[in-house]
Amino acid sequence: MSEKATLQIGDKHYDLDVFTGTENEKCIDIQELRSKSGYITMDPGYGNTGSCYSSITYVDGTNGILRYRGYPIEQVAEQATFVEIAYLILYGELPQESERKVFSAALNEHAALHTNLEHHFSGFPKDAPPMAILSAMLNLVACFHPEVLEVHSEGPEFDKTAALLLSKVRTISAFAYRMATGKPFNHPNPHLSYCSNFLHMMFSEPYKEYIASPVVERAMNLFFVLHADHEQNCSTSTVRVVGSSRANLFSSVAAGVCALWGPLHGGANAGVIKMLEDIKASGRPLTYYIEKAKDKNSGFRLMGFGHRVYKNFDPRSIILKKQVHEVLHELNLDDSLLEIALELEAAILNDDYFLSRHLYPNVDFYSGILLRAIGIPLNMYTVMFAIGRMPGWISNWKELLQHDQRISRPRQIYTGYTERPFVPIEQR
Ligand code: ACO
């Protein structure tokens, strides 16, 4: 017999279905609660609300587990290329060599931007935030490919749209940086790997071609792999909400970029570096910042700490911390911000305020130091996150349509005025 939950309201009982996922996670299905009882459930911020069934990514926040399609993040981070992981997340299985070749060829085919699209970059002010440019340009790309405005969750049209997006997001991001620095665009080179090609578009100069060293390429790959998906976070949920109206994939992921931009989400990676630079420049002791973060009136939070789901270490931060050390060592670099970050982490792990609230370093805490080491400018950090997260956004959009999910439309409990008569302006 399938498991049931019973809800008692007054003297009435309501039987609700219980669903168990493959990792034994359980939910109570309340879809019919309102029609049966007149009650809705309330959960601002959706901390305890499941919005979908998904087979893409598994997160166990208590035990610090993250798996893409069943594969542990530690193994993936060590062995996989971002292109393989993008394929895995999109199609459910790791690619065979022949499939990887076809996928890589599609990424190469769609890497360049339409020449008319390139002209749009000159319309942005030099100091325009790259996240604003990315979001705007993703919507614009769709104008040059009217065929992808048709909504398809599988088949050749979907394959083309997914490859186009995964590839062009990298070109748009690099061009946004080149435009802001007044440098000529570097067009994609099909002979380079996904990561090297991006770094070439970012850093090659007319007088000197940029060739990524194996260490830098590996670090870039790791960054993208670790950001490839993270189930129903703020930006992915945004992509799903927008996609649920059957909006096309381009506008859905453009909305995801906007959600990611916020300092409590992807924007935190740049926030961490700004905070560490501030600590360094001010010369104040760490305790000043720690106490300020505890003071609710200060409006200040320690960037890179805390997570809605992880109530223990974020496994991505453990991998990044180790890799940051290795990459700095291999590149023969010394970053004083790493010293400050390590000291801050050690202090937090001994502080009751943070321990009692289960606030540990999240993915953003060490990722900025990795990006600094490979020469990515600070205002591009959240854009880097967006490039990495693209497979997750596309895959969640695809799954939403495959499940034919209803339009997202939460309810509310109204707390405003009850009915009152309109007052004409001369009588107010
Ligand atoms: N510094 C100080 N206090 C914090 C922090 C922090 N970084 N994070 C949470 N807290 C405190 C809150 O003030 C709250 O305290 P209270 O119980 O006394 O009121 C408690 O911890 C719980 O915090 P919430 O805001 O309820 O937790 P929530 O799950 O809503 O937020 C979030 C999670 C947004 C990540 C939060 O921890 C935060 O703002 N962190 C800093 C920004 C950051 O690093 N964001 C990146 C997250 S990872 C990602 O999105 C890719």
Search result, residues across region 294-315 that are out of contact with any Ser or Thr (no Cβ under 8 Å at 6 or more places or on another chain), in contact (Cβ under 8 Å) with a residue 40 or more places away in the chain and at negative phi: Lys294, Leu302, Met303, Phe305, His307, Arg308, Val309, Tyr310, Phe313, Asp314, Pro315
Qualifying residue in region 401-421 (condition: crowded, with 19+ Cβ neighbours inside 10 Å, under 30 Å from Leu33 (Cβ atoms) and of a type in the set (D, E, K, R)): no
Selection from region 298-316 of residues that are near the ligand (Cβ under 7 Å from one of its atoms) and more than 15 Å from Asn233 (Cβ to Cβ): Arg301, Leu302, Met303, Gly304, Phe305
Hits in region 348-384 (condition: touching a residue at least 60 places away in the same chain (Cβ under 8 Å) and not in a helix (DSSP H, G or I)): Asp351, Asn362, Ile374, Gly375, Ile376, Pro377
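Could you grab me the full set of residues in region 256-268 that are in contact (Cβ under 8 Å) with a residue 40 or more places away in the chain and farther than 24 Å from Val83 by Cβ? Can you show your working first?
Filtering region 256-268 for residues in contact (Cβ under 8 Å) with a residue 40 or more places away in the chain gives 256-258, 260-261, 263, 266-268.
Correct list: Cys258, Trp261, Pro263, Gly267, Ala268.
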Residue selected from region 285-312 under the condition aromatic (Phe, Trp, Tyr) and buried (at least 17 other Cβ atoms within 10 Å of the Cβ), by the criterion nearest to Asp229 (Cα to Cα): Tyr310
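Could you identify the single residue in Arg246, Arg316 that is among the basic types (Lys, Arg) and surrounded by 22 or more Cβ atoms within 10 Å (Cβ to Cβ)? Talk me through it step by step, then tell me what you get.
Values: Arg246 fails: surrounded by 22 or more Cβ atoms within 10 Å (Cβ to Cβ).
Result: Arg316 is the single residue among Arg246, Arg316 that is among the basic types (Lys, Arg) and surrounded by 22 or more Cβ atoms within 10 Å (Cβ to Cβ).
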Any hit, region 25-38, residues being exposed (fewer than 13 other Cβ atoms within 10 Å of the Cβ), in contact (Cβ under 8 Å) with a residue 12 or more places away in the chain and hydroxyl-bearing (Ser, Thr, Tyr): no
Boolean, Asp127 is among the acidic types (Asp, Glu), in contact (Cβ under 8 Å) with a residue 40 or more places away in the chain and surrounded by 16 or more Cβ atoms within 10 Å (Cβ to Cβ): no
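Does Arg284 fit the bill of being away from the ligand (no atom under 14 Å from the Cβ), modelled with pLDDT of 95 or more and of a type in the set (Lys, Arg)?
Numbers: away from the ligand (no atom under 14 Å from the Cβ): yes; modelled with pLDDT of 95 or more: yes; of a type in the set (Lys, Arg): yes.
Taking the combined requirement at face value, the residue satisfies it.
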Residue among Ile73, Ile89 that is of a type in the set (A, V, I, L, M, F, W, C) and out of contact with any Ser or Thr (no Cβ under 6 Å at 6 or more places or on another chain): Ile73
Single unsatisfied condition, Leu370 versus (1) more than 21 Å from the chain's Cα centre (by Cα); (2) under 30 Å from Gln323 (Cβ atoms): (1)
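Quick check on Glu343: is it over 29 Å from Glu217 (Cβ atoms), acidic (Asp, Glu) and away from the ligand (no atom under 15 Å from the Cβ)? Working first, answer last.
On the way: over 29 Å from Glu217 (Cβ atoms): yes; acidic (Asp, Glu): yes; away from the ligand (no atom under 15 Å from the Cβ): yes.
It is true that Glu343 is over 29 Å from Glu217 (Cβ atoms), acidic (Asp, Glu) and away from the ligand (no atom under 15 Å from the Cβ).
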Filtered residues of region 398-428 (kept if part of a helix (DSSP H, G or I) and over 30 Å from Leu165 (Cβ atoms)): Ile425, Glu426, Gln427
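Can you tell me which residue is nearest to Ser213 (Cα to Cα) among those in region 329-347 that are without any contact (Cβ under 8 Å) to a residue 60 or more places away in the chain and under 25 Å from the mean Cα position of the chain (by Cα)?
Of all residues in region 329-347, those without any contact (Cβ under 8 Å) to a residue 60 or more places away in the chain come to 329, 332-336, 338-339, 342-343, 345-346.
Of the ones still in play, those that are also under 25 Å from the mean Cα position of the chain (by Cα) are 338, 342, 345.
Values: Leu338: 22, Leu342: 27, Glu345: 30 Å.
It comes out as Leu338.
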Residues satisfying the stated conditions in region 213-243, i.e. away from the ligand (no atom under 16 Å from the Cβ), without any contact (Cβ under 8 Å) to a residue 40 or more places away in the chain and touching a helix residue (DSSP H, G or I) at 6+ places or on another chain (Cβ under 7 Å): Glu217, Val242
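The values are calculated or read from the model by the stated rules, or taken from the named source; none is laboratory data. Bear in mind the structure is a predicted one, so any value in this text is a computation, not a measurement. All Cβ positions, even for glycine, are placed from backbone atoms using ideal geometry, and neighbour counts span all protein chains on display.
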